[in-house]
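Engineer: Structure provided below as structure tokens; questions to follow.
The values are calculated or read from the model by the stated rules, or taken from the named source; none is laboratory data. Source: prediction; values computed, not measured. Cβ: placed from backbone, ideal geometry, glycine included. Neighbour counts: every protein chain shown.
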Amino acid sequence: MSEPIRVLFVSTSNASRSILAEAILRRAGGPAYEAYSAGIAPTSAVADLALRILDDAGFEHDALRSKSISEYLDQPFDFVITVCDDARLVCPVFNGADQSLHWGYGDPEGLAGSEEERLAAYRVLFAQLGQRVRQFLLVTDRATASSAG
């Protein structure tokens, strides 16, 4: 078996978008992928509504925490994916990363409105990230299979 494909998701705060993407890829990619997330300016905790979305979907999240990108600067990644426009502008270059991708999503944490309205925005984000991760898996699985053959 070959080495897992290492993916780092980067956002500004590492409280919502990158955390959700990491959780989705961990589950959907299985042992063929190693998923991580980090923030340019991380918060002290993962957003409560992000954790609620993961709970509602039956995702394990005890190991997820808001982390600084500096924790990963000396590590190799196959893909570095920014999930917000602000992070894209300041994300450092990771030597050895085969691909840098950008998936721009708004931050549901900063939205005004009731908790139910904000939770609805998190559900939309979770669904969008799930679809994007599935597309990513189709492309990387296909590329891995063709390079092995």
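Engineer: I'm trying to understand the selection: among the residues of the range 56-104, which are at pLDDT below 80, closer than 19 Å to GLN128 by Cα and hydrophobic (A, V, I, L, M, F, W, C)?
Structural biologist: ALA87, LEU101
Engineer: Now for a separate question. Quick one: would you say GLU34 is in a loop (DSSP other than H, G, I, E, B) and within 20 Å of LEU101 (Cβ to Cβ)?
Structural biologist: Working: in a loop (DSSP other than H, G, I, E, B): no; within 20 Å of LEU101 (Cβ to Cβ): yes.
So GLU34 does not fit the description; no.
Engineer: Among the residues of the range 5-19, which ones are touching a residue at least 60 places away in the same chain (Cβ under 8 Å) and either surrounded by 23 or more Cβ atoms within 10 Å (Cβ to Cβ) or of a type outside the set (D, E, K, R) (or both)?
Structural biologist: Just the residues of the range 5-19 that are touching a residue at least 60 places away in the same chain (Cβ under 8 Å), to begin with: 5-13, 15-18.
Hits for the range 5-19 are ILE5, VAL7, LEU8, PHE9, VAL10, SER11, THR12, SER13, ALA15, SER16, ARG17, SER18.
Engineer: Got at least one residue in the range 139-148 being closer than 21 Å to ALA28 by Cβ, at pLDDT below 95 and in contact with a helix residue (DSSP H, G or I) (Cβ under 7 Å, 6 or more places away or on another chain)?
Structural biologist: No, the range 139-148 contains no residue that is closer than 21 Å to ALA28 by Cβ, at pLDDT below 95 and in contact with a helix residue (DSSP H, G or I) (Cβ under 7 Å, 6 or more places away or on another chain).
Engineer: Another question, then. Within the range 56-67, how many residues turn out to be in a loop (DSSP other than H, G, I, E, B) and surrounded by 11 or more Cβ atoms within 10 Å (Cβ to Cβ)?
Structural biologist: Pass one, the range 56-67, residues in a loop (DSSP other than H, G, I, E, B): 57-67.
Okay, now just the ones that are also surrounded by 11 or more Cβ atoms within 10 Å (Cβ to Cβ), so 57, 59-61, 64-67.
Result for the range 56-67: 8.
Engineer: Moving on to the next point. Please tell me if ILE53 is over 14 Å from the mean Cα position of the chain (by Cα), buried (at least 20 other Cβ atoms within 10 Å of the Cβ) and at pLDDT 85 or above. Can you show your working first?
Structural biologist: Numbers: over 14 Å from the mean Cα position of the chain (by Cα): yes; buried (at least 20 other Cβ atoms within 10 Å of the Cβ): yes; at pLDDT 85 or above: yes.
It is true that ILE53 is over 14 Å from the mean Cα position of the chain (by Cα), buried (at least 20 other Cβ atoms within 10 Å of the Cβ) and at pLDDT 85 or above.
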